[in-house]
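The values are calculated or read from the model by the stated rules, or taken from the named source; none is laboratory data. This is a predicted model, so every value here is computed, not measured. Cβ placement follows ideal geometry from the backbone for every residue including glycine, while neighbour counts extend to all protein chains displayed. For the accessible areas, the whole protein counts, side chains as well, though only heavy atoms, and no ligand, DNA or RNA atoms are used. Shrake-Rupley method; radii C 1.70, N 1.55, O 1.52, S 1.80 Å.
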Amino acid sequence: MNEITITVNGKQVKGKAGSTVLEICQANGIDIPTLCHLYGLSDVGACRMCVVEIERERRPVPSCTYPAREGLVVQTHTEKLEKYRRQILELIFTEHNHFCMFCEKSGDCELQKLGYQYQMDNVRYPYTFPSLSVDSLNQYITIDHNRCILCGRCIRACREIAAVNTLDFGQRGWKTTVVADLNQPLDESSCLNCGPCVQACPTGTIFNKINLYKGITDDCEQIETVCPDCGVGCELNVLVRDNNLVRIDAPDLTSPRGALCRMGRFELLEQTQSRITSPLVRSKDCEFEECSLDSAAQRISAGLKEAKASFAGMASTKLPSETLSLFHKFISGVIGSDSIDTPDGASYRIISEGIAKFTGNGKLDIECSIEEIPGADCIMVIGADPQKTNPVVGTLIRRAAGQGKAKLVVVHPSRDAFPLWTDLWLKPKAGSEAALLTGLAKVILDKGLAKSGKADAIKTSLNRCEVGEVTRTTGIDKETLEEAAEIYARAERGIIIYGENLVVSGGADAVATILNLASITANQVGNSLRVVSLKSGANSRGAWELGLAKGIKQDKPKGLYLLLSDDTVDEKLLNWLREIDFLVVQASYQSPVTAIADVVLPSPIWAEREGKYVDMGGRTLEIKQVLEPGEGVLQDKEILMAVSQTMGKELVLR
Ligand code: SF4
Ligand code: SF4
Ligand code: SF4
Ligand code: FES
């Protein structure tokens, strides 16, 4: 039976079989107070606020853990239950310090709301609260143990959403507190600063340190958009008040991308660098001078003439497709160059070449979506550090491996990548990952572990591969190589996740070998192979599809227009940019890149722009503008169009 009927407060209501009484009541609009329950987390029945009376039960029971069954008769708001609830609240209020006027969560606190609802004008018990510590060393999160009601939501969020297991209860009885690892400061614990615990805490115990006291939920506008920090494409619920960022939550903690990470939840709120609010040109004595957009465009025009044909463009992949498309037109139509790239363009070209070796075309949709990770029974991570580059992919890997559903094979120079979850760790010699992959394919074929007829296609190419040679090249012994091959080949939903390190060291051949491995072991879902390549830029794939990652033709162009916006560049790219004679940088913040530019133009930050992203799985996502740009900051497209006009060319926006 998929549907059951129960009677609540004399009325018949329907709900899904397998639901709790609380779930059926909530689905039917019957409001039962809760504190330790949070949608998406398991229920533990800790606070007892949700008690209900059920016919034939001797005493009230917590509805959040009580399984509903056909014909149940439930009372949710009798005088007796309301008395219980008020008594529970009184005990909670006396146990710890709940002087709301000093609390960051005041106005947003679930306990405070219940206090008002139950008219808590006094408590009948002595205040017992001890003076507890406040852990505020962490850069983003504070834990004020004095506010804790021991509901355990943070612990379950850390375990079930973040899949980290940093938090737990420590001590016993009235001394019980939430502790990180073995009662270490959060900053010295295994915490990854991802923040589901912050979002889950109903009181002001665990709170976000950035933008403190900037506003409560009811005072804020809430705008759903997409994280600009990596290719995963996590949805963000951004809370804004008076054109200031207040907080970022996950709209749905239970979605595959709902955990968010340090970058999406906290770092986006930090705006401590100096903004660029006016065009700047370098004067004869090498100092920057503020100028009009027109003067800056004339300087660009002059620089372009000097650089003649040797002028190139480069754009950040944090920018939406509309801006990237216009920039493409600007470089080709206005500057007159076909030399254009993105900072991660080289990786894309290699991945595409590797895919083309396998499929004959370079189309990226041969790879599966990250949604397949939680259901995998084996995950092999090679040449990648997802916890750093695409942290929510790291979360999905930990969820699958931590619940024992997937075997985790990690090929990485350090075991620290997934310390608690790794089943088999391989540390090949630097740069030998491609040889390792070939060795895995060879072992799979030799041991008859291939499951698909496609194995015949690669047999010949592996004839000359000798396992002994592979072990010498990689430094991985034969037994370990065989163990890794067996784990992967015997999996039915095995996924290989690779990243930029593999692409750089192994090139297109390594990419093709990964696809071959997935193909011969039939690790496939629909028409896609169970393979995921990690992309750092939020719109890297969009940029690739728009043709922005063609590559810069010259080793060192004489002039370059860098549309950087609020992105950063690594040391290697910065050193390359230093060699360029005439550099135009359109950026949001002052940085080492703007310091070496000849012309600097202002650009909005992530929150001030709108448009579309294509995430690394190929989904097109709408990004919304959440802030009005600051004074002097124009949209990137307006700057590009104005510069074009001064240069006597028209840039048409479609
Ligand atoms: S920030 Fe993340 S890892 Fe750290 S305690 Fe909270 S949920 Fe756990
Ligand atoms: S820190 Fe917050 S979520 Fe965790 S047990 Fe205390 S009140 Fe509950
Ligand atoms: S995983 Fe990527 S997209 Fe998701 S919140 Fe983190 S940086 Fe943003
Ligand atoms: S919400 Fe049910 S016991 Fe806390």
Criterion violated by K209 - all others in (1) within 16 Å of ligand 1 (Cβ to nearest atom); (2) open to solvent by 10 Å² or more (accessible area, probe 1.4 Å); (3) at pLDDT 95 or above satisfied: (3)
Quick check on the range 1-42: of everything there that is touching a residue at least 60 places away in the same chain (Cβ under 8 Å) and of a type in the set (G, A, S), which residue is farthest from L81 (Cα to Cα)? G40
Looking only at the range 169-216, which residues are in contact (Cβ under 8 Å) with a residue 12 or more places away in the chain, among the polar types (S, T, N, Q), under 21 Å from P130 (Cβ atoms) and away from ligand 2 (no atom under 14 Å from the Cβ)? N183
One residue is enough: does the range 83-94 have a residue meeting the conditions within 16 Å of ligand 4 (Cβ to nearest atom), of a type in the set (A, V, I, L, M) and surrounded by fewer than 20 Cβ atoms within 10 Å (Cβ to Cβ)? yes
For T359, the lone unmet condition from (1) open to solvent by 40 Å² or more (accessible area, probe 1.4 Å); (2) within 16 Å of ligand 1 (Cβ to nearest atom) is (2)
Pick out the one residue from L426, L462, L436, L445 that is within 15 Å of R490 (Cβ to Cβ), in contact (Cβ under 8 Å) with a residue 24 or more places away in the chain and crowded, with 17+ Cβ neighbours inside 10 Å. L445
Of everything in the range 155-168 that's within 19 Å of the chain's Cα centre (by Cα) and in a helix (DSSP H, G or I), which residue is nearest to ligand 2 (Cβ to nearest atom)? A157
Can you tell me which residue in the range 129-148 is farthest from ligand 2 (Cβ to nearest atom), limited to those that are more than 17 Å from R262 (Cα to Cα) and assigned to a loop (DSSP other than H, G, I, E, B)? S131
Of everything in the range 260-299 that's part of a loop (DSSP other than H, G, I, E, B) and within 16 Å of ligand 3 (Cβ to nearest atom), which residue is surrounded by the most Cβ atoms within 10 Å (Cβ to Cβ)? L260
Please work out if I155 is more than 16 Å from ligand 4 (Cβ to nearest atom) and surrounded by 18 or more Cβ atoms within 10 Å (Cβ to Cβ). no
Hits in the range 535-594 (condition: farther than 26 Å from I382 by Cβ, open to solvent by 70 Å² or more (accessible area, probe 1.4 Å), in contact (Cβ under 8 Å) with a residue 40 or more places away in the chain and touching a helix residue (DSSP H, G or I) at 6+ places or on another chain (Cβ under 9 Å)): K550, K558, D581
Q222 fails exactly one of (1) part of a strand (DSSP E or B); (2) open to solvent by less than 10 Å² (accessible area, probe 1.4 Å); (3) over 19 Å from L38 (Cα atoms), namely (2)
Name every residue in the range 43-79 that is in contact (Cβ under 8 Å) with a residue 60 or more places away in the chain, open to solvent by 50 Å² or more (accessible area, probe 1.4 Å) and either within 16 Å of ligand 2 (Cβ to nearest atom) or among the hydrophobic types (A, V, I, L, M, F, W, C) (or both), in order of residue number. V44, A46
Would you be able to say whether some residue in the range 80-99 is within 21 Å of I143 (Cα to Cα), outside any loop (DSSP other than H, G, I, E, B), acidic (D, E) and under 35 Å from the mean Cα position of the chain (by Cα)? no
With the condition being hydrophobic (A, V, I, L, M, F, W, C), I'd like the helices (runs of 4 or more DSSP H) fully within the range 407-495 carrying at least 3 qualifying residues. 433-446, 455-462, 478-490
Of the residues K357, K329, which single one is among the charged types (D, E, K, R) and more than 30 Å from V643 (Cα to Cα)? K357
Every residue from the range 235-259 that is part of a loop (DSSP other than H, G, I, E, B) and either more than 9 Å from ligand 3 (Cβ to nearest atom) or open to solvent by 10 Å² or more (accessible area, probe 1.4 Å) (or both): D242, N243, P251, D252, L253, T254, S255, P256, R257, G258
Which one of the conditions (1) within 21 Å of T594 (Cβ to Cβ); (2) away from ligand 1 (no atom under 15 Å from the Cβ) does E267 fail to meet, given that it meets all the rest? (2)
Quick one: count up the residues across the range 363-392 that are farther than 12 Å from S533 by Cα and either within 16 Å of ligand 2 (Cβ to nearest atom) or open to solvent by 20 Å² or more (accessible area, probe 1.4 Å) (or both). 8
Sole miss for L212 among (1) away from ligand 4 (no atom under 16 Å from the Cβ); (2) of a type outside the set (S, T, N, Q); (3) within 17 Å of the chain's Cα centre (by Cα) is condition (3)
In the range 179-200, which residue that is more than 9 Å from ligand 1 (Cβ to nearest atom) and not polar (S, T, N, Q) is least open to solvent (accessible area, probe 1.4 Å)? V179
Return yes when D229 is open to solvent by 10 Å² or more (accessible area, probe 1.4 Å), touching a Phe, Trp or Tyr at 6+ places or on another chain (Cβ under 9 Å) and either away from ligand 2 (no atom under 16 Å from the Cβ) or under 16 Å from F207 (Cα atoms) (or both) and no when it is not. yes
Go through the range 471-510 residue by residue and tally those that are open to solvent by 10 Å² or more (accessible area, probe 1.4 Å) and under 20 Å from I370 (Cα atoms). 4
If you check C220, C201, which single one turns out to be among the hydrophobic types (A, V, I, L, M, F, W, C), within 16 Å of ligand 4 (Cβ to nearest atom) and over 14 Å from R265 (Cα atoms)? C201
Would you please list the contacts, defined by Cβ atoms under 7 Å and residues six or more apart or on different chains, that run from a residue in the range 278-295 that is of a type in the set (K, R) to a residue that is modelled with pLDDT of 90 or more? R282/F288; R282/D598
Please go through the range 3-23 and give me each residue that is of a type in the set (A, V, I, L, M, F, W, C) and either in contact with a Ser or Thr (Cβ under 9 Å, 6 or more places away or on another chain) or within 16 Å of ligand 1 (Cβ to nearest atom) (or both), ordered by number. I4, V8, V13, V21, L22
